[in-house]
Amino acid sequence: MMSFPIWLPATLLAGGVQAWRTAVQRRVSKELSVNAAGLVRYLYGLPFALMLLGGYRLLFPGPLPSPDPLFLLFCLGGGLAQIIATNLLIMAFAHRNFVVGTAYSKTEAVQGAILSFLLMGERLHPLAWAGIGCGVMGVMLLSTGGKRTGFLRALWQPAALCGIASGFFFALAAIGVRRATQQVGSSDPILAALIVLVVTVVLQTGMQGGYLLLREPEQMRKVLHSWRVSGQVGLLSALGSACWFTGFATAPVALVRIVGQVEVAFTLGFGHFYLGERMARSEVMGLMLVAGGVVLALMGSL
């Protein structure tokens, strides 16, 4: 069916790396504005993205592909959607803790399934849809913290609005990336993913960097002065995006995002051990539901 050995480990690795990157980026966001904190992942990630592409080309030399004219348009659209999603996620962190902010954004899985069906005609097995439902229930439990306050009522909280909107734009970004990899014109999905990564990060650095220079020039100095921590964000961002893009190049967007919910498990770990946030019983229960959803999705893909 699909390149199972490629997309699955890439997605699992992407979830772990992204959780690590988000934890580090939250430290940076305490000293920078929302736009400046978002820029560091692109500005400092670009050199590492170039190294990844260059290293891959050295290991697997061959003729360069000739992308379709729509290639740049999909890279631009996906990159802009990712910028908006990242800014919204950082804003969600300002309202509630690290774990909850990320959990709200994980509604991206169901949003991605619906959007990829409407925009790309991608269909999922019933087990995969069951996995989405199970995962969403887990996210709901994580988001409300096990309180009696209903999920629908919690939706009106600022953290929920920012997190769910973040998930929507992350889903759009994933669709843009998948379409871009399809326009590269290469039979090698990893090469296609790395080319899309480099082009997209170049565009993102220009877009958000230009905005920062025009609207918040004083923040640019802070971005440059934070190179020690921001460099870590850039490295982890490049590695995580390379894995995500490889997954999108070789499997349906919704399936990659469902399995990518394992990021919540890594997030709980980083929130507990790296940021010192306590892990509640409801978070453990929510995590088990998310894990069950991932298993069902994998069963539906076999």
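The values are calculated or read from the model by the stated rules, or taken from the named source; none is laboratory data. These numbers were taken from a predicted model, which means no experiment stands behind them. Cβ: placed from backbone, ideal geometry, glycine included. Neighbour counts: every protein chain shown.
Brief remarks follow.
- The stretch 200-220 residues that are outside any helix (DSSP H, G or I), paired with ones that are small (Gly, Ala, Ser) (beta carbon under 8 Å, 6 or more apart): Glu216/Ser33; Glu216/Ala36
- Within the stretch 49-82, tally of residues that are buried (at least 17 other Cβ atoms within 10 Å of the Cβ) and over 25 Å from Val229 (Cα atoms): 8
- Matching residues in the stretch 167-199 - criterion: being under 18 Å from Gly55 (Cα atoms), more than 14 Å from the chain's Cα centre (by Cα), part of a helix (DSSP H, G or I) and not small (Gly, Ala, Ser): Pro189, Ile190, Leu191, Leu194, Ile195, Val196, Val198, Val199
- When Ile132, Ile164 are checked against the criterion of being touching a Ser or Thr at 6+ places or on another chain (Cβ under 6 Å) and either modelled with pLDDT of 75 or more or not in a helix (DSSP H, G or I) (or both), a single residue qualifies: Ile164.
- Entry remark, the stretch 1-43: residues being among the small types (Gly, Ala, Ser), buried (at least 21 other Cβ atoms within 10 Å of the Cβ) and under 20 Å from Gly206 (Cβ atoms) number 3 in total.
- Inspection of the stretch 207-222 identifies no residue that is farther than 21 Å from Gly16 by Cβ and under 16 Å from the mean Cα position of the chain (by Cα).
- When we screen Leu46, Leu119 for residues that are in a helix (DSSP H, G or I), touching a residue at least 40 places away in the same chain (Cβ under 8 Å) and either touching a strand residue (DSSP E or B) at 6+ places or on another chain (Cβ under 7 Å) or surrounded by 19 or more Cβ atoms within 10 Å (Cβ to Cβ) (or both), the only hit is Leu46.
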